[in-house]
Amino acid sequence: MLNGLMKAGSQGESEYTVRPHFISTKTFAAFAYVAAQLGYRYVGHAPGTGATNNPYFSFQRTPDARERAVAAVAAHPGMLHGGPLPGMRPGGGLRPLPEAQPEVDLLYSQMVLDACSRYSRRVLESLLTLLIMGAVFLAFRGYTVDRVLVAGGAWLALFALYLIGLAVTRRRRATHLARLNRAGVEWPPRRTR
């Protein structure tokens with residue numbers, strides 16, 4: 001991904017779009033920090049992919065991108081060959097240094113807010129689709145009251161899990177939004193062209 005980012009920067013592309021393959025959102029937040037040092041700031045889901053299970057993420061080129069990239073490469077000449085990355089521990093890949101950790105935490109909060117915005121609508125649509133499909137199948141002859149009650153109970157259990165997930169998502173959203181507000185970060189950002 002770093003090579004793709006550097007290629008986008010050398011070609012002067014205004015946006016860099018990527019589908020991360022990290023296990024952890026915190027690791028991707030560390031990558032977003034490195035991208036910012038190279039002149040591309042994280043701006044959220046790429047348009048049209050926010051509703052997918054594995055969306056693309058977009059980074060927008062900053063006006064001083066060339067200067068940032070030159071300074072980062074000069075300060076970390078081996079970064080493209082496995083050397084230390086800007087703001088990351090030497091030999092540690094995408095593990096932030098203590099001085100970079102606050103900014104990485106803010107990027108993590110932005111990513112959590114993006115994920116929270118996807119939860120309720122997508123999951124509720126799936127639950128309602130399941131309810132409608134279940135009603136269609138239960139309309140055929142041969143289903144007993146017991147089977148209808150079991151199916152209804154299973155759907156109610158899924159709906160209860162949805163409500164619990166929604167409560168957790170709202171709490172996480174409030175926590176991370178408060179962190180961004182304290183830092184004076186407006187999220188989601190306004191896209192510029």
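The values are calculated or read from the model by the stated rules, or taken from the named source; none is laboratory data. Bear in mind that the values here come from a model prediction, so they are computed numbers and not experimental data. Glycine also receives a Cβ, built like all others from the backbone with ideal geometry; neighbour counts cover every protein chain displayed. Surface areas here come from the heavy atoms of the whole protein model, side chains and all, with no ligands, DNA or RNA. Shrake-Rupley method; radii C 1.70, N 1.55, O 1.52, S 1.80 Å.
Against the condition open to solvent by less than 70 Å² (accessible area, probe 1.4 Å) and more than 30 Å from Pro188 (Cβ to Cβ), how does Pro84 come out, does it pass? Please lay out each step first, then the result.
On the way: open to solvent by less than 70 Å² (accessible area, probe 1.4 Å): yes; more than 30 Å from Pro188 (Cβ to Cβ): yes.
So Pro84 passes the test.
Could you grab the pairs with beta carbons closer than 9 Å, sequence gap of 6+ or different chains, first residue in segment 6-19 and on the phi < 0 side of the Ramachandran plot and free of Cβ contacts under 8 Å to residues at least 60 places away in the same chain, second one loosely packed, with under 11 Cβ neighbours inside 10 Å and polar (S, T, N, Q)?
Once the first residue is on the phi < 0 side of the Ramachandran plot and free of Cβ contacts under 8 Å to residues at least 60 places away in the same chain and sits in segment 6-19, its partners that are loosely packed, with under 11 Cβ neighbours inside 10 Å and polar (S, T, N, Q) give Arg19/Asn54.
Got a sec? Which of Arg147, Arg170 is over 30 Å from Gln110 (Cβ atoms) and part of a helix (DSSP H, G or I)? Reasoning before the result, please.
Numbers: Arg170 fails: over 30 Å from Gln110 (Cβ atoms).
Sole residue among the options that is over 30 Å from Gln110 (Cβ atoms) and part of a helix (DSSP H, G or I): Arg147.
Look through segment 37-50, keep the residues that are surrounded by fewer than 22 Cβ atoms within 10 Å (Cβ to Cβ) and small (Gly, Ala, Ser), and return whichever of them is modelled with the lowest pLDDT.
Step by step, filter segment 37-50, then rank; the result is Gly50.
Among Leu128, Leu163, Leu124, Leu106, which is open to solvent by less than 50 Å² (accessible area, probe 1.4 Å), assigned to a helix (DSSP H, G or I) and either out of contact with any Asp or Glu (no Cβ under 6 Å at 6 or more places or on another chain) or at pLDDT below 85 (or both)? Lay out the reasoning, then the answer.
Details: Leu128 fails: open to solvent by less than 50 Å² (accessible area, probe 1.4 Å); Leu163 fails: open to solvent by less than 50 Å² (accessible area, probe 1.4 Å); Leu124 fails: open to solvent by less than 50 Å² (accessible area, probe 1.4 Å).
That would be Leu106, the only listed residue that is open to solvent by less than 50 Å² (accessible area, probe 1.4 Å), assigned to a helix (DSSP H, G or I) and either out of contact with any Asp or Glu (no Cβ under 6 Å at 6 or more places or on another chain) or at pLDDT below 85 (or both).
Among the residues of segment 58-67, are any buried (at least 19 other Cβ atoms within 10 Å of the Cβ), free of Cβ contacts under 8 Å to residues at least 60 places away in the same chain, part of a helix (DSSP H, G or I) and not charged (D, E, K, R)?
Yes, because at least one residue in segment 58-67 is buried (at least 19 other Cβ atoms within 10 Å of the Cβ), free of Cβ contacts under 8 Å to residues at least 60 places away in the same chain, part of a helix (DSSP H, G or I) and not charged (D, E, K, R).
Tell me, which residue of segment 21-40 that is of a type in the set (Gly, Ala, Ser) and not in a helix (DSSP H, G or I) is farthest from Ser58 (Cα to Cα)?
Only one residue tops the list, namely Ser24.
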